[in-house]
């Protein structure tokens with residue numbers, strides 16, 4: 001079996017004491033930096049990247065991959081504990097994870113996230129190993145029209161992110177889309193809505209938006225009633241998930257893994273949909289949808305699994321095509337080039353030790369993460385006993401550094417303050433921030449692919465329905481929309497009838 | 001029988017309408033283009049339209065639902081929390097990383113009534129030392145520790 | 001305007017005189033090399049390779065700082081206003097010259113705001129097509145493109161990107177106008193080329209060489225005067241009679257205007273040493289490029305290059321009528 005011998009080579013490479021050490025260092029550093037509030041995977045990698053340049057190619061990439069998983073993991077921890085996501089994926093985790101923490105079930109939420117991530121990571125790694133070349137062919141079938149339809153499907157899913165008014169959720173999504181449009185139009189070079197500030201020419205910074213509307217708005221809300229500290233329960237509750245919790249997470253974890261793996265393969269940005277999509281699915285099929293947004297185990301397990309699975313499979317386009325699927329992968333490409341390995345379709349054949357070593361290290365890294373993090377849960381949860389008025393100035397300091405470190409752009413810091421205010425006002429008006437974030441990440445992709453599809457299709461809008469994959473996705477969108485709106489409609493009708501009686 | 005208006009929803013809807021109008025006006029200043037070659041204004045203009053419609057719908061529903069109180073506002077929080085990152089942005093290059101992060105923490109700490117001046121100072125010094133060690137010394141981020149505004 | 005000049009002159013004068021005092025010990029602390037693009041990109045890669053070698057030669061760390069955004073103009077603007085003490089330098093590519101025309105409201109005056117250290121490298125570009133594109137070689141591609149100008153699509157990595165500039169030259173050389181499809185960076189553009197969603201692209205050899213070798217895209221020609229060592233069978237565009245399409249992505253190191261002459265000389269001398277270093281040549285060869293000859297690692301060479309490139313691109317960009325501001 002080729003696969004066995006290849007995996008053997010991979011584990012032999014990744015399992016060498018040096019590489020194990022660098023994997024461990026990467027995972028630890030990634031977790032530690034990523035767990036600092038407001039600092040997500042991108043900021044962490046931007047900070048730690050130069051450290052890896054001095055190493056051997058394999059060790060360097062293994063360490064970078066370790067940093068990547070570690071940072072994602074750390075980001076989820078902060079999202080759960082203090083509602084401070086540093087990444088779009090952990091924004092979803094924050095919705096229910098933070099509510100669990102407020103209920104005194106922070107330990108449960110963290111453990112569920114860790115277990116879900118590990119399971120998803122393991123399955124997705126195996127998928128990468130077995131199916132990488134095959135999946136690549138499928139991924140290349142996705143053109144602009146397909147991506148547009150996929151993003152549209154993702155947007156419809158945004159409705160499920162909110163547990164309040166659907167109208168407001170929609171309005172927040174559109175607001176997110178509009179904010180995502182800010183910056184230079186890539187088709188004409190026209191600056192849009194930048195108010196003449198060149199620093200916003202590449203768009204608003206996602207980390208600034210996420211930190212502002214989630215984290216800072218939450219700090220402000222907590223400062224409202226300083227006297228009655230309802231913020232976080234002093235009672236920590238049990239650290240470990242109960243048997244019932246574990247049972248509740250299995251199905252969402254499986255579905256999340258599947259969904260995340262599939263979306264992660266798409267080089268055009270499918271992975272960012274993973275956690276949002278999983279949340280939608282779970283809420284939709286849950287027997288207790290009313291729990292979502294108030295501390296649902298499934299609402300943490302599903303998206304966390306999906307997110308981690310997507311993170312693994314997003315290595316597929318990088319490894320088989322040499323195409324980076326997200327900014328983190330772009331950094332990996334840079335690291336490979338600096339190490340003298342030019343990523344491309346030949347890497348697997350010409351550098352088998354590197355290729356399979358990275359794949360094996362994915363699994364080793366995930367294993368290390370869970371071994372490292374399960375015992376740490378107790379420590380993280382203890383952080384909640386730090387008095388809030390000591391915690392939040394520290395959070396503000398880390399946020400400032402984290403946002404600045406991504407691009408050394410001081411305007412991103414001004415944006416943080418602006419988004420903090422905006423998030424707070426919207427929160428007071430009972431508008432939830434999650435759909436806004438989804439809109440923001442999808443906005444540019446939606447527009448870019450819509451316009452590109454129209455250009456490639458010579459202005460013929462039927463291109464969206466004549467291409468089979470695109471048509472299927474659009475069909476799904478319609479179905480999802482109907483399924484979503486039906487209960488609302490029937491509820492309204494029920495109300496009307498009851499009033500009439 | 002006049003029903004109470006849901007002021008929160010009315011305000012939210014009004015805000016969305018205002019934002020929609022703002023973006024729409026800006027979009028009209030740009031080339032709209034055609035469906036084949038959409039100009040930079042096409043997509044935002046469509047979105048602004050949707051936004052205004054949704055805002056109007058939210059205002060409309062405000063008339064048929066109960067009022068919910070907005071609650072207290074964190075004025076002190078806003079006065080100190082929001083300027084903290086702005087201050088960091090304004091001074092990180094001029095003053096340098098070390099003094100800038102110190103004052104940033106200090107400003108943020110003043111948002112809490114519970115923090116005495118002394119406690120704020122101690123906390124800010126601790127954060128300053130920790131951040132300098134971790135980010136500047138440990139990770140070697142290209143921050144200038146002390147900037148040109150300071151006499152050497 | 002006049003007052004502004006006098007002020008900058010006076011300011012430069014004071015800095016110069018204060019700089020003379022410290023010049024003997026230069027450099028006495030680490031030097032920041034600003035790269036106006038994100039970490040991990042091709043320019044960042046070149047900068048890190050060079051910075052590492054220069055650190056050894058100067059005896060002080062040369063730290064790369066990524067200040068990305070707005071086609072490199074944010075980082076360049078930041079260096080233009082940085083302290084001219086020899087401890088902040090800029091490594092920028094051809095975009096330094098094209099931005100002068102592409103951006104009509106630049107925050108700095110490209111020719112007046114910088115001192116020159118030297119040229120670093122020139123990366124050749126390759127004209128490539130999707131793997132199942134009909135023509136087998138450059139000569140038949142030329143005829144094919146002329147006949148099918150209405151239906152062919154040409155990808156680029158965004159306004160002002162190397163692939164955009166090269167694409168403009170290609171279309172002007174053939175006197176055709178293809179449907180241009182901009183992408184957000186090289187990655188997605190290459191993905192669509194691999195997937196056969198677009199037909200043609202012209203990009204840095206750094207990005208194309210492995211794909212060409214793997215047979216996932218077709219390599220038609222190189223934009224340098226001579227053929228490349230890694231692709232001896234691939235003709236140059238000049239061989240196919242495409243006049244004026246020669247283009248390469250050159251990189252240079254700049255310092256803010258008014259940097260002490262001694263510091264500039266020291267940096268330039270260090271750059272020349274590094275350019276002659278065979279290990280740098282080996283690393284750059286992996287990228288499909290080579291260091292500039294050490295004799296080009298001089299202020300005069302970079303200044304001449306920048307001036308001639310600004311003059312060259314101005315009409316090209318004006319003809320295409322595309323601006324990025």
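None of the figures in this text is laboratory data; all of them are computed from the coordinates on show. Please read these numbers as outputs of a predicted model, since none were measured by experiment. Here Cβ is always computed from backbone atoms with ideal geometry, including for glycine, and neighbour counts include all displayed protein chains.
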Beyond 18 Å, the calculated P(r) of the stretch A:338-424 holds a percent of Cα-Cα pairs equal to 71
Would you mind ranking C:109, C:132, A:185, C:57 so that the residue whose beta carbon has the fewest other beta carbons within 10 Å leads the list?
C:132, C:109, C:57, A:185
Taking other Cβ within 10 Å of each residue's Cβ, how do A:258, B:22, A:110, C:284 sort, fewest first?
B:22, A:258, C:284, A:110
Helix B:117-131 versus the longest principal axis of chain B: what is the Cα-based angle in degrees, 0 to 90, to the nearest 10?
80
Take every DSSP beta bridge with both residues inside chain C and express the antiparallel ones as a percent of the total, to the nearest 5.
60
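Take the alpha carbon atoms of the stretch B:7-62, find their radius of gyration, then divide it by 2.2 N^0.38 Å using N residues; give the quotient.
It is 1.27.
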Could you grab the Rg to Rh ratio for the stretch A:2-500? Cα atoms only, Kirkwood for Rh.
0.96
Over the Cα atoms of the stretch A:33-121, each weighted equally, I'd like the Debye log10 I(q)/I(0) at q = 0.12, 0.24 Å⁻¹, rounded to two decimals.
-0.38, -1.07
Can you give me the distance in nm between label points at residue B:117 and residue B:50, each placed 7 Å from the Cα along the Cα-to-Cβ direction?
5.4
Run a plain Debye calculation on chain C (Cα atoms as equal point scatterers, no solvent) and give log10 I(q)/I(0) at q = 0.09, 0.10 Å⁻¹, rounded to two decimals, same order as the q list.
-0.48, -0.58
Using R₀ = 22 Å, calculate the FRET efficiency as 1/(1 + (r/R₀)^6) where r is the Cβ-Cβ separation of residue A:382 and residue B:133; round to 0.05.
0.50
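Roughly what % of DSSP beta bridges within the stretch C:124-222 run antiparallel, to the nearest 5?
Around 60 percent antiparallel, to the nearest 5.
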Mean projection of the alpha-carbon convex hull of the stretch A:114-202 over all orientations, in nm²?
9.7
With a ≥ b ≥ c taken as the square roots of the eigenvalues of the C-alpha gyration tensor of the stretch A:388-427, please select rounded if a/c is under 1.5 and otherwise prolate if a/b is larger than b/c or oblate if it is not?
oblate
Give me the three principal axis extents of the stretch B:75-138 from the C-alpha atoms, as integers in angstrom, largest value leading.
35, 23, 14
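Nearest 5 is fine: what % of DSSP beta bridges in the protein assembly as shown come out antiparallel, could you say?
Here the antiparallel bridges make up roughly 65 percent for the protein assembly as shown.
Only Cα pairs under 8 Å and at least 6 apart count here; give the relative contact order of the stretch B:4-152 as a rounded whole percent.
Once normalised by length, the contact order is 23 percent.
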Relative exposure of C:275, B:113, A:115, judged by other C-beta atoms within 10 Å (fewest first):
B:113, A:115, C:275
Per DSSP H run of at least 4 residues, take -39500 (n - 2.57); add these up for chain A, divide by its residues and hand me the 222 nm value, nearest 500 deg cm²/dmol.
-25000 deg cm²/dmol
Translational diffusion coefficient (Stokes-Einstein; Kirkwood radius from C-alpha pairs) of the stretch C:124-222 at 10 °C, 1.306 mPa s, in µm²/s:
123
Cα extents of the stretch C:105-145 per principal axis, largest first, Å, are 48, 27, 17
I'd like the Kirkwood hydrodynamic radius of the stretch C:187-325, using the inverse of the mean 1/r over distinct C-alpha pairs, in Å.
17.8
Find the relative contact order for the stretch B:7-62 and round it to a whole percent, using C-alpha pairs within less than 8 Å whose residues are 6+ positions apart.
53
More than 47 angstrom separation, counting every C-alpha pair in the protein assembly as shown; what % is that?
24
If you average the sequence gap of Cα pairs under 8 Å that are 6 or more apart and divide by the length of chain A, what percent do you get for the contact order?
29
Taking Cα atoms only, Rg over Rh for chain B with Rh from the Kirkwood formula is 1.20
Extension reserve of the residue A:476-residue A:103 stretch, reckoned as 0.36 nm per residue once the Cα distance is removed
130.7 nm
